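Heads up, the thing below is written out as structure tokens.
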Amino acid sequence: TLSPKTLSYDELRALDARHVWHPFTQAGTAKPPILALGGRGATIYAADGREYLDLVSSWWCNLHGHGNPAIAQAIADQAMRLEQVIFADFTHEPAARLAARVTRRLPGDLDRVFYSDDGSTAVEVSLKLAHQYWRNKGQHRDVYVAFEGGYHGDTAGAMSAGHSSGYFEQWREMLFPVKTVPFPATWDDDPEVEAKEAAALDALDLVFACHPDHVSAVIVEPLIQGAAGMRMCRPEFLRALELKVREAGSLLIFDEVMTGFSRTGDLFACVKAGVTPDLICLSKGLTGGFLPLSMTVAREAIFQEFLGQDLSRAFLHGHSYTANPLGCAAGLASLDLLEAAECQSRIQAIEALHRARLDRLKSRPNVARTRLCGTIAAMDISGGGVGYAAEVGPKLKAAFLERGLLLRPLGNVLYLLPPYCTTEAELNRAWDAVEDVLATL
Ligand code: PLP
């Protein structure tokens, strides 16, 4: 049995209430947070004796669930050798090996890894790289294009790219302008998908036509817009998008912070779609959820534009913990687990189980737009409002927590994004509860 190491449950709660500021939380009205004491596999153990099945992989990070001993051991071993070292003038084994290993699995000449700390900074780096790439080439390109609803993180550049997500109204004055084109969100049996894709590509054409030779980059969450409500598009659309971007001579950025590391069923969404972007942002699952780490991977041709005798051509950007050795060691251990046949067959099994259970729900009157990509299953719940303010979201969350399930609807969108170690019995239990809760809504 687990219990707090130092203070009592009530003392810890009081300290948290007095001193901690939680993200995305209105502390004035929120219930006290659940005190997590431990985790094993897909389960989180709380201080009040309750257990929660983590069906959102703790903000989409924990590929292999919680407490994986192989990753924990890799971090411990690395900590005994080298815990952190300045990454200018120095390098280290885990950083070099992880960069080589990830780039080997990416298409084309996506060969250069720039390390940073989280998804937002990976995106920030991609935008700054795009900007300086054109500058180094002697071109002035200052137009950026993003997809309506897209979310790319909470730092200023990432907020600018994600301004249409609706999360950032308070900071509008801090953001730089980014053009937005429609995202052709689709779902099972959607008769209008091709028309939506054509409209999105037409809108993109218009931006290119209005700003010839001035579009620096187009950024997209490939296959699935996560925070927008697990909005999915077809691989065909991404291939058409790549063609348009190539015709315009612009850069294509794939934000794979959420889709990377087999979430879509393939190791990367770009592989599934058959597209080679110029820059890819990776984080979340990179360390299997153990430590914050991210990568912006660039095509070799982009890296080459930063070479020369002049320091100002170099990318003068970095963070204190760039390529932290513990994070890189966790990344290598997580990849070992991910690439093993056992994990790959679990991923396929989760997708198959999602498909069967989603199909059972399709005919329910309050379920619409069922959709599936890899290990992510999603649906819209009708009758309780739409969008972020939908009152049905918090209601569902509370009902699931009551049943020991950690599910956090995005507005009226209910989705399951389980760790790959989730067993068939656990996943069926979750889907049974979803059916149950939706029946009583
Ligand atoms: N990009 C995408 C697609 C994301 O889903 C997120 C986070 O949800 C981010 C970027 C930002 O990542 P982080 O929260 O690690 O900064």
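Inspect all residues belonging to region 72-79 and state whether any of them is among the β-branched types (Val, Ile, Thr), surrounded by 16 or more Cβ atoms within 10 Å (Cβ to Cβ), within 16 Å of the ligand (Cβ to nearest atom) and farther than 21 Å from Lys272 by Cα.
Filtering region 72-79 down to residues among the β-branched types (Val, Ile, Thr) leaves 75.
If we keep only those that are surrounded by 16 or more Cβ atoms within 10 Å (Cβ to Cβ) as well, we get 75.
From the residues that got through so far, the ones that are within 16 Å of the ligand (Cβ to nearest atom) too are none.
Looking through region 72-79, none of the residues is among the β-branched types (Val, Ile, Thr), surrounded by 16 or more Cβ atoms within 10 Å (Cβ to Cβ), within 16 Å of the ligand (Cβ to nearest atom) and farther than 21 Å from Lys272 by Cα.
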Checking the structure you have, find out if any residue of region 197-207 is assigned to a loop (DSSP other than H, G, I, E, B) and either at pLDDT 95 or above or aromatic (Phe, Trp, Tyr) (or both). no
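Among Pro184, Pro177, which is the only one that is more than 16 Å from the ligand (Cβ to nearest atom), crowded, with 19+ Cβ neighbours inside 10 Å and not in a helix (DSSP H, G or I)?
Details: Pro177 fails: crowded, with 19+ Cβ neighbours inside 10 Å.
Every option except Pro184 fails the conditions.
Going by what's in this entry, would Glu148 be described as under 23 Å from Ala200 (Cβ atoms), of a type outside the set (Gly, Ala, Ser), touching a strand residue (DSSP E or B) at 6+ places or on another chain (Cβ under 8 Å) and in the same structural domain as Leu286 (by TED's automatic domain parsing)? Give the steps one after another, and end with the answer.
On the way: under 23 Å from Ala200 (Cβ atoms): yes; of a type outside the set (Gly, Ala, Ser): yes; touching a strand residue (DSSP E or B) at 6+ places or on another chain (Cβ under 8 Å): yes; in the same structural domain as Leu286 (by TED's automatic domain parsing): yes.
For Glu148, the condition - under 23 Å from Ala200 (Cβ atoms), of a type outside the set (Gly, Ala, Ser), touching a strand residue (DSSP E or B) at 6+ places or on another chain (Cβ under 8 Å) and in the same structural domain as Leu286 (by TED's automatic domain parsing) - is met.
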Flag for Ala378 being buried (at least 21 other Cβ atoms within 10 Å of the Cβ), not assigned by TED's automatic domain parsing to the domain that holds Asp190 and not charged (D, E, K, R): yes
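Are any residues in region 271-301 in a helix (DSSP H, G or I) and either away from the ligand (no atom under 14 Å from the Cβ) or closer than 17 Å to Leu127 by Cα (or both), and if so, which ones? Explain how you work it out, then say what you get.
Of region 271-301, the ones in a helix (DSSP H, G or I) are 271-273, 284-287, 300-301.
Residues satisfying the conditions are Val271, Lys272, Ala273, Glu300, Ala301.
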Cβ-Cβ under 7 Å, sequence separation 6+ or interchain: first residue in region 20-46 and more than 28 Å from Ser334 (Cα to Cα), partner exposed (fewer than 11 other Cβ atoms within 10 Å of the Cβ). Which pairs? Pro33/His22
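Just wondering, is there one or more residues in region 351-361 that are assigned to a helix (DSSP H, G or I) and assigned by TED's automatic domain parsing to the domain that holds Glu83? So that I can check it myself, show each step before the final result.
Of all residues in region 351-361, those assigned to a helix (DSSP H, G or I) come to 351-361.
After this cut, where a residue has to be assigned by TED's automatic domain parsing to the domain that holds Glu83 as well, the list is none.
No - not one qualifying residue is present in region 351-361.
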Report, ordered by the first and then the second residue, all pairs with beta carbons closer than 6 Å, sequence separation of six or more or different chains, a first member in region 153-173 that is in the same structural domain as Asp118 (by TED's automatic domain parsing), and a second member that is more than 14 Å from the ligand (Cβ to nearest atom) and of a type in the set (D, E, K, R). Ser164/Glu148
Is there any pair linking a residue in region 217-236 that is part of a loop (DSSP other than H, G, I, E, B) to one that is charged (D, E, K, R), with Cβ under 6 Å and at least six apart or on different chains, and which? Glu221/Asp255
Reported set for region 91-120 where residues are closer than 16 Å to Thr287 by Cβ, outside any helix (DSSP H, G or I) and within 16 Å of the ligand (Cβ to nearest atom) is Tyr115, Ser116, Asp117, Asp118
Residue under question is Trp21, and the condition is that it be out of contact with any Pro (no Cβ under 7 Å at 6 or more places or on another chain), aromatic (Phe, Trp, Tyr), modelled with pLDDT of 95 or more and more than 25 Å from Ala430 (Cβ to Cβ); does it hold? yes
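Quick check, is Leu358 within 22 Å of the chain's Cα centre (by Cα) and crowded, with 19+ Cβ neighbours inside 10 Å?
Values: within 22 Å of the chain's Cα centre (by Cα): no; crowded, with 19+ Cβ neighbours inside 10 Å: yes.
The answer is no for Leu358.
Given the structure, is Ala323 modelled with pLDDT of 95 or more, loosely packed, with under 15 Cβ neighbours inside 10 Å and assigned by TED's automatic domain parsing to the domain that holds Arg234? It would help to see each step written out before you state the result.
Details: modelled with pLDDT of 95 or more: yes; loosely packed, with under 15 Cβ neighbours inside 10 Å: no; assigned by TED's automatic domain parsing to the domain that holds Arg234: yes.
No.
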Within region 309-351, the residues that are free of Cβ contacts under 8 Å to residues at least 40 places away in the same chain and small (Gly, Ala, Ser) are Ser312, Ala314, Ser320, Ala340, Ala341, Ser345
On the basis of being surrounded by 16 or more Cβ atoms within 10 Å (Cβ to Cβ), in a helix (DSSP H, G or I), touching a residue at least 40 places away in the same chain (Cβ under 8 Å) and touching a Gly at 6+ places or on another chain (Cβ under 7 Å), does Val123 make the cut? yes
Unmet requirement for Leu82, which otherwise passes all of (1) surrounded by 12 or more Cβ atoms within 10 Å (Cβ to Cβ); (2) at pLDDT below 95; (3) over 30 Å from Asn428 (Cβ atoms): (2)
Hey, among the residues in region 243-270 that are buried (at least 22 other Cβ atoms within 10 Å of the Cβ) and in a helix (DSSP H, G or I), which one's farthest from the ligand (Cβ to nearest atom)? Val245
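Given His140, His131, which one is away from the ligand (no atom under 15 Å from the Cβ), touching a residue at least 12 places away in the same chain (Cβ under 8 Å) and part of a loop (DSSP other than H, G, I, E, B)?
Numbers: His131 fails: part of a loop (DSSP other than H, G, I, E, B).
None of the other options fit; the residue is His140.
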When you go through Ala430, Ala330 one by one, which is the residue that is among the aliphatic types (A, V, I, L, M), farther than 16 Å from Asp54 by Cβ, assigned to a helix (DSSP H, G or I) and touching a Leu at 6+ places or on another chain (Cβ under 8 Å)? Ala330
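The values are calculated or read from the model by the stated rules, or taken from the named source; none is laboratory data. Here the structure is a predicted model, which is why all the values come from computation and not from measurement. Don't worry about glycine lacking a Cβ; one is built from the backbone with ideal geometry, like all the others, and counts go over all protein chains shown.
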